[in-house]
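Here the structure comes first, spelled out in C-alpha cells, and everything after it is commentary.
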C-alpha cells in the first residue's frame with residue numbers, strides 16, 4: 001500500500017482538528033471557537049509549577065485566579081489585523097484552563113511571570129502539605 005500523499009494527510013489533519021484531537025504540542029480549537037493552551041505541571045517539595053504555552057497572547061489579555069482549590073486561567077489571543085489570512089493553524093479567540101490540585105496550596109504566595117510566550121505560575125504548597133522529617137527513636 002503506498003504512503004499517503006499530502007492531500008490525504010491534510011484531510012486527516014482537518015478531521016482530527018474538528019474532532020478536538022491533534023498532534024502532541026499543538027493547541028486545538030474547540031467547536032465553540034475557544035482553544036486550550038498546553039501545560040506542563042511540575043511538583044517540587046515546596047511548590048507546584050505550571051508552564052503554559054501562550055505565544056502571541058498579550059500580557060494584558062491574560063486573567064489568572066488562584067485560590068485554595070486551584071487555578072483558573074483565561075484570556076484571549078487576538079487575530080492579526082491588517083493581514084490577509086492564507087492559512088491559520090494557530091488558534092485565535094478565547095481560552096480557559098482550570099486546575100484542581102491534589103495538595104493544599106497557599107494562594108497568597110502564588111507568583112506568575114510571562115516570558116517568550118510561556119506563562120510560568122508558581123504556587124507554594126500550604127504548610128500542612130509540606131513533608132515533615134520526624135526522627136525515629138530506637139528502643
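Let's test the formula: R0 of 35 Å, r as the Cβ-Cβ distance of residue 137 and residue 98. What FRET efficiency results, to the nearest 0.05? Walk me through the intermediate numbers first.
On the way: r = 45 Å, r/R0 = 1.29.
Computed FRET efficiency for residue 137 and residue 98 comes out at 0.20.
Could you grab the relative contact order for the range 33-128? Cα pairs under 8 Å, six or more apart, rounded to a whole percent.
Numbers: 178 pairs, mean separation 33.2, N = 96.
Once normalised by length, the contact order is 35 percent.
Which of the peptides 76-85, 46-55 is most tightly packed, and how do the rest follow, going by the mean number of other Cβ atoms within 10 Å of each residue? Don't jump to the answer; show the numbers that get you there.
On the way: 76-85: 10.0, 46-55: 17.4.
So the order, starting with the most tightly packed, is 46-55, 76-85.
Mind giving me the nanometre distance, one decimal, between the label points for residue 128 and residue 80, set 7 Å out from Cα along Cα→Cβ?
5.1
Taking N as the number of residues in the range 33-128, what is its Cα Rg relative to 2.2 N^0.38 Å?
On the way: Rg = 15.0 Å, N = 96, 2.2 N^0.38 = 12.5 Å.
My calculation over the Cα atoms of the range 33-128 gives 1.21.
What does a probe at residue 43 reach in the range 90-105, counting residues whose amide N is under 14 Å from the point 7 Å along Cα→Cβ?
Of the residues in the range 90-105, 100-105 have backbone N under 14 Å from the label point off residue 43.
Here, each number is a calculation from the coordinates, and none is a lab measurement. These numbers come from a predicted model, not from an experiment. Here Cβ is always computed from backbone atoms with ideal geometry, including for glycine, and neighbour counts include all displayed protein chains.
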